[in-house]
Ligand code: SF4
């Protein structure tokens, strides 16, 4: 995987009710090595699109996360797990300073991840994994676009050494 050392992002949503439970702040990082047919965010596929992530964005993020209305952070793309150590540092600070839940969406499947990517996930509670597959698209699914994608509870997965689906997802959702 080509690591990127300067994170770029397409948007920060202060209030997002579509990506994860509750009202969340979300960041859409730019750059994705995949080219899913029907990608919902084609404009974020290029690693040169969007704006540089700087200290000013980080300050804004912590201001948003300090609100009692915000239940956590959602990290989307693009491909967040192509952002490397900079994302690791950011999510570590989010966990240390806020303790709020972190959700992350990745085109990689959990079993494919390398040690650097797994380190990032130490600061993530729920991973929605897998590529978007247009033939498996289902608008009824919660928090994901196609039925091959999984909403994984990372703590339970680590504890049980097998994939455990987040318990907010009921059969058929
Ligand atoms: S992984 Fe996500 S951002 Fe990347 S091409 Fe697929 S749908 Fe688009």
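At-a-glance table
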| quantity | calculated |
| --- | --- |
| Projected label distance in nm at residue 109 and residue 54, using a 7 Å step from Cα toward the beta-carbon | 4.1 nm |
| Cα point-scatterer Debye curve for the chain, base-10 log of I(q)/I(0) at q = 0.11, 0.13 Å⁻¹ | -0.42, -0.60 |
| DSSP beta bridge pairing in region 1-116, given as percent antiparallel to the nearest 5 | 45 percent |
| Fluctuation leader among 97, 162, 137 - the chain, Gaussian network, Cα springs under 10 angstrom | 162 |
| Theoretical ellipticity at 222 nm over the chain - DSSP helices of four or more residues, -39500 (n - 2.57) apiece, nearest 500 | -6500 deg cm²/dmol |
| For region 95-147, the Rg and Dmax computed from alpha carbons only, in angstrom | 13.0, 41 |
| Under the Debye formula (equal points on every Cα, no solvent term), log10 I(q)/I(0) of region 44-142 at q = 0.12, 0.24 Å⁻¹ | -0.44, -1.41 |
| Ordering of 25-38, 111-124 by packing [mean C-beta count within 10 Å, highest first] | 25-38, 111-124 |
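Here, each number is a calculation from the coordinates, and none is a lab measurement. Quick caveat: nothing in here was measured; it's all calculated off a predicted structure. With ideal geometry, Cβ positions are generated from the backbone for all residues, glycine too; neighbour counts draw on all protein chains shown.
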